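Below you'll find the structure, written out as structure tokens, and then a few comments.
The values are calculated or read from the model by the stated rules, or taken from the named source; none is laboratory data. Worth saying up front: this structure is predicted, and the values here are computed from it rather than measured. Heads up, the Cβs are rebuilt from the backbone with ideal geometry, glycines too, and the neighbour counts pull from every protein chain shown.
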Amino acid sequence: MKHVKTLNTLQTVAKGGCGECQTCNQACENV
Amino acid sequence: MIHKYSMNGYFIVLDVNSGAVHIVDEVVYDVLDQYKKTDEEKIYDKLRDKYSHEQIAEALDEINELVESKMLFTEDIYEDIIPLINRREPVVKALCLHIAHDCNLKCRYCFAEEGEYHGKRELMSLDVGKKAIDFLIKASGKRKNLEVDFFGGEPLMNFDVVKGIVEYARSVEKENGKNFRFTITTNGILLNDEIMDYINKNMHNVVLSIDGRKEVNDRMRVRAGGQGSYDSIVPKFQKLAESRNQTGYYVRGTFTKHNLDFGKDVMHLADLGFRQISVEPVVADSSEDYAISEGDLPVIFEEYERLAKEILERRKKGQWFNFFHFMIDLTGGPCVTKRLVGCGSGTEYLAVTPNGDLYPCHQFAGREEFKMGTVDTGVVRPDIRKAFEKCNVYNKPECKKCWAKFYCSGGCTANSFNTHGDLITPYEIGCEMQKKRIECAIMIKAAESEK
């Protein structure tokens, strides 16, 4: 593309939700 | 939904529902103002004084390609996940243990009122601490990873009980198939080599409270006699940070109306050698002289942008440090489920007071109407948990239409309650600052992508 540079490409839906992440924007190892 | 903004010479477009981030040129940036609002002929008409027909045509082609690839104006498909989340087994997997409702500082902005939380001075007993661990193991269901924060007041004022709780949890975790991660927050006054050694061996994370420059810190973080704490804590914090190889800790400061040039405090902490830094806005009643008001926002926005540029400059020189509120992961990050429900207060994350009462989080501790049970009884107010379960971004009208919802997860429920008296109306000043921080964080990523 000449006018646009895309940095990344939410649609984690299937793999997410295990609830094991730490619980008052970091990566999830599971995802 | 898209969000577009320009900062530091970059034109940035965020596709909210896919999370895609695009750096665009000015042609695409301007065309997007008209796209989907009018037909292509009118777009050519409106922009022909600024761009050639060919430039506009190319921009439209590329925008259309992104739309077809589901990277721009993507549909929101996540609201349907909420019922699935609510059907999950209700578990508690993290506790904030108020190990001491007492403190050796009298920080002027402290929501805990010298550590007492609207009550009396009190230390948690080892017996209550052990019962809290037993409650957590039982209430956590099939979850394996459990978190325990040692909080206060000042936890080091009751450090023998901290050690006793850690020892007890370690003695029962394997037989129950659990993995405990401990963290502690301290003002540093009582830190010594022995305690540092213990923290390094047992605490997954440690939060060190300091506001920044000496005059800033010592204005708010004072001892009972009014003396500042800076000179006492800085050498100890530096030693602890180095002993942890500059990871697994944060120095955490609070900025107020009195230091809206808080970027200087961030840089001061970096100059002291700290590599993990957080300086966060105070949340206070609007009657306080240090409270941040809506009128302060333009100055705060400028300061965040200045800080973002300074961080980029320092990184170019090899002087790397991490500013917590500019952390963002554009290639992985939390899963959608986590983004929708946020910190888990009142559901997966509860606070335990020194006498064993359970509250939705440390900010609600001592408010009798939010008492959910005790470590002996467990949660006996499922209605409170239900109310907090509803705190997702689709149940908050202001959040549902906001471009930042998948990054802030609906904000802090305690701030909502303290500002509006309900759990779902966001604290607007906090929202505006959060959005500016996300914009700065993405701009930093854009700049770093050019290396």
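Have a look at B:Asn245, B:Asn355 and point out the one that is surrounded by fewer than 20 Cβ atoms within 10 Å (Cβ to Cβ) and on the phi > 0 side of the Ramachandran plot.
Working: B:Asn355 fails: on the phi > 0 side of the Ramachandran plot.
None of the others qualify; the one that does is B:Asn245.
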Seminar exercise, completed: All conditions in (1) at pLDDT below 95; (2) in a helix (DSSP H, G or I); (3) farther than 21 Å from B:Ala270 by Cα are true of B:Asn158 except (1)
Exercise. Tell me, which strands (runs of 3 or more DSSP E) lie completely within segment B:1-81 with 3 or more residues that are β-branched (Val, Ile, Thr) and modelled with pLDDT of 90 or more?
Worked result: B:21-24
Seminar exercise, completed: A careful count of residues in segment B:132-151 that are away from every other protein chain (no Cβ under 14 Å) and at pLDDT below 95 gives 1
Exercise. Residue check, B:Glu369 against (1) closer than 25 Å to B:Leu136 by Cα; (2) within 13 Å of chain A (Cβ to nearest Cβ), all met but one. Which one?
Worked result: (2)
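Going residue by residue through segment B:309-321, is there one that turns out to be of a type in the set (S, T, N, Q) and within 28 Å of B:Ile133 (Cα to Cα)? Steps first, please.
Taking segment B:309-321 as the starting set, the residues that turn out to be of a type in the set (S, T, N, Q) are B:319.
Right, trim to within 28 Å of B:Ile133 (Cα to Cα) and you get none.
Scanning segment B:309-321, I find no residue that is of a type in the set (S, T, N, Q) and within 28 Å of B:Ile133 (Cα to Cα), so the answer is no.
Can you tell me which residue in segment B:377-394 is nearest to the other protein chains (Cβ to nearest Cβ), limited to those that are among the charged types (D, E, K, R) and in a loop (DSSP other than H, G, I, E, B)?
Narrowing segment B:377-394 to residues among the charged types (D, E, K, R): B:381, B:383, B:385-386, B:389-390.
If we keep only those that are in a loop (DSSP other than H, G, I, E, B) as well, we get B:381, B:390.
On the way: B:Arg381: 20, B:Lys390: 18 Å.
This residue is B:Lys390.
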Exercise. What are the residues in segment B:1-53 that are of a type outside the set (Ser, Thr, Tyr) and loosely packed, with under 14 Cβ neighbours inside 10 Å, if any?
Worked result: B:Gly9, B:Asp33, B:Lys36, B:Lys37, B:Asp39, B:Glu41, B:Lys42, B:Asp45, B:Arg48, B:Asp49, B:Lys50, B:His53
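What strands (runs of 3 or more DSSP E) completely inside segment B:259-376 contain at least 1 residues that are at pLDDT 95 or above, over 19 Å from the mean Cα position of the chain (by Cα) and outside the structural domain of B:Ile444 (by TED's automatic domain parsing)? Explain how you work it out, then say what you get.
Details: elements: B:276-281, B:349-352, B:357-359.
The qualifying strands (runs of 3 or more DSSP E) are B:349-352, B:357-359.
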Exercise. Surrounded by 20 or more Cβ atoms within 10 Å (Cβ to Cβ), closer than 23 Å to B:Lys93 by Cβ, of a type in the set (Ser, Thr, Tyr) and in contact with a helix residue (DSSP H, G or I) (Cβ under 7 Å, 6 or more places away or on another chain): does that describe B:Thr347?
Worked result: yes
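Assess whether B:Val207 counts as being β-branched (Val, Ile, Thr), touching a strand residue (DSSP E or B) at 6+ places or on another chain (Cβ under 8 Å) and either assigned by TED's automatic domain parsing to the domain that holds B:Phe274 or not in a helix (DSSP H, G or I) (or both).
Working: β-branched (Val, Ile, Thr): yes; touching a strand residue (DSSP E or B) at 6+ places or on another chain (Cβ under 8 Å): yes; either assigned by TED's automatic domain parsing to the domain that holds B:Phe274 or not in a helix (DSSP H, G or I) (or both): yes.
Against the criterion (β-branched (Val, Ile, Thr), touching a strand residue (DSSP E or B) at 6+ places or on another chain (Cβ under 8 Å) and either assigned by TED's automatic domain parsing to the domain that holds B:Phe274 or not in a helix (DSSP H, G or I) (or both)), B:Val207 qualifies.
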For this session: Would you tally the residues in segment B:362-381 being on the phi < 0 side of the Ramachandran plot and in contact with a helix residue (DSSP H, G or I) (Cβ under 7 Å, 6 or more places away or on another chain)?
Result: 7
Exercise. If the Cβ limit is 7 Å and pairs must be 6+ apart or interchain, which residue in segment B:399-411 that is within 14 Å of B:Ile424 (Cα to Cα) and away from chain A (no Cβ under 13 Å) pairs with which residue that is in a loop (DSSP other than H, G, I, E, B) and small (Gly, Ala, Ser)?
Worked result: B:Cys399/B:Gly410; B:Gly410/B:Gly342
